[in-house]
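The next block holds one structure in the form of structure tokens; read it before the comments.
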Amino acid sequence: MKITVPDEGIETLFGSRDENLKQLEQQFDVQIRTGGNELLVTGDAAGMAKTEHVIGQLTGLLREGYRFSREDVRRASEMVSEDAQIDLRDFFLKAPLRASSTRQVTPKTLGQRRYLDAIERHDVVFGIGPAGTGKTYLAMAQAVAYLTSKRVSRIILARPAVEAGEKLGFLPGDVQEKVNPYLRPLYDALYDMLDSDKVGRLIDRGVIEIAPIAFMRGRTLNDAFVVLDEAQNTTTEQMKMFLTRLGFGSKAVVTGDITQIDLPAGQTSGVVQALRVLHGVEGVSIVHFTDRDVVRHPLVQRIVKAYERYVPAPAGDSPESP
């Protein structure tokens, strides 16, 4: 197959030492040779078709002034591999999420784009998937964006206080000191989007509240953006309680990784049950992330895949040495 590309921007498209073309070869299991402004692609029909689709769309984006990095080409090829009909313009040219005056957040995968779109369109969204997919960070960015644009009047961030039942009694200090270590990831995300002094003032005024999920009981949350993180470690009672706190003008995002449930054996995870109960309910959206959406170090994606493939040895068997 021959693919003609425009002379203008060809170096950007090919990358330094043709590294972008090598990325496409690896992704679609094809071979690409260059000759002037033509590419000769060989491989199976499906791989060649996807390569042609990616290059055609990237070429169109180049004409519109977009400049690609190797990472952009990798994302583009992975998205086309996942959805051959995708329009990459919707991904690369859509305005980034403006979380605050100093922080913009751009989705890095198709799954992340769908997640942000779901949060915009629905009042209750579940973001389910492995570590490193941006579930919590993107939800926090949306929450801050809603607050700064005055679409809500407060942010409420909740998390199971500890991994196995909120057993805080043995920890030193008052209640806040006991739970703070378990809420630290939520603070970290906030401080990445807002000035630390501003975060402190908003927390002092009650505009931002960070608390264990047990503190939600008996409340009605109006005009709020509510994020429940690590929801796989909620009980079924806690999850139902949380979801029924939602009041007028509010939005809730629930994040979790159902492969990392730390509840006692035999106890059903609240998020696992909720995914079954709420499937198809109007106003609720469920977004599943995969290893393709991992945006940390590339090794993290390979680790996630390795764990997905792993089958535990029968009890009593000793692990084999490599």
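The values are calculated or read from the model by the stated rules, or taken from the named source; none is laboratory data. In this text the structure is predicted, and so the values were computed from the model without any measurement. No Cβ is skipped: glycine too gets one built from the backbone with ideal geometry, and neighbour counts run over all protein chains shown. To get the accessible areas, we keep the full protein, side chains included, count just its heavy atoms, and leave off ligands, DNA and RNA. Shrake-Rupley method; radii C 1.70, N 1.55, O 1.52, S 1.80 Å.
Do the sum for the chain: with -39,500 (n - 2.57) for every DSSP H run of n ≥ 4, divided by all residues, what is the mean residue ellipticity at 222 nm, to the nearest 500 deg cm²/dmol?
Computed ellipticity for the chain at 222 nm equals -12500 deg cm²/dmol.
Ignoring any ligand, DNA or RNA, what whole percent of the accessible area of the chain comes from carbon and sulfur when the probe is 1.4 angstrom?
50
May I have the extent of the alpha carbons of the chain along their three principal axes, as whole Å values ordered from largest to smallest?
Principal extents (Cα only, largest first): 70, 58, 38 Å.
Please give the solvent-accessible surface of residue 74 in Å², to the nearest 10, using a probe radius of 1.4 Å with every protein chain present.
Using a 1.4 Å probe on the heavy atoms, I get roughly 50 Å².
Just to confirm a number: summing +1 for Lys and Arg and -1 for Asp and Glu over residues other than residue 61 whose beta-carbon lies under 10 angstrom from that of residue 61, what do you get?
Its environment carries a net charge of +1.
Rolling a 1.4 Å sphere over the protein heavy atoms, what is the accessible area per residue of the stretch 75-148, to the nearest Å²?
37
Considering the options 243, 290, 215, tell which one lies farthest towards the positive end of the dipole of the stretch 209-311, charges being +1 on Lys and Arg and -1 on Asp and Glu at the Cβ, about the Cα centre.
With unit charges placed on the Cβ atoms, the residue in question is 290.
For the stretch 1-74, what does the accessible surface come to per residue with a 1.4 Å probe? Please give it in Å². Don't jump to the answer; show the numbers that get you there.
On the way: 4060 Å² over 74 residues.
Heavy-atom accessible area per residue stands at 55 Å².
What residues qualify as long-range amide H neighbours of residue 285, i.e. H under 5 Å apart, gap of 5 or more or another chain, H built at 1.01 Å from N?
Under 5 Å from the amide H of residue 285: 124, 125, 126.
Pairwise over distinct Cα atoms, reciprocal of the mean inverse distance: report the Kirkwood radius of the stretch 238-304 in Å, one decimal place. Each step should come with its number before you reach the end.
Working: mean 1/r = 0.0694 Å⁻¹.
So the Kirkwood estimate lands at 14.4 Å.
Search the structure for amide H atoms under 5 Å from the amide H of residue 227, placed 1.01 Å from N in the peptide plane, and list their residues when 5 or more places away or on another chain.
Placed amide hydrogens put 156, 157, 158, 253 under 5 Å from residue 227.
Quick check: with the 1.4 Å probe, what order do 220, 235 take by accessible area, largest first?
220, 235
How do 196, 101 stack up against each other in accessible area, from largest to smallest, with a 1.4 angstrom probe?
101, 196
Using the charge dipole of the chain (Lys, Arg: +1 at Cβ; Asp, Glu: -1 at Cβ; taken about the Cα centre), state which of 124, 258, 32 has its Cα farthest towards the positive end.
124
Given Cβ point charges of +1 (Lys, Arg) and -1 (Asp, Glu) and nothing else, what value in debye, to the nearest 20, does the dipole of the chain about its Cα centre take?
Charge dipole, the chain, about its Cα centre: 860 debye, nearest 20.
Ignoring ligands and nucleic acids, what accessible area does residue 279 show with a 1.4 Å probe (Å², nearest 10)?
The accessible area of residue 279 comes to roughly 150 Å².
Need one value: the accessible area of residue 98 in square angstrom, 1.4 angstrom probe, rounded to the nearest 10.
Answer for residue 98: close to 130 Å² accessible.
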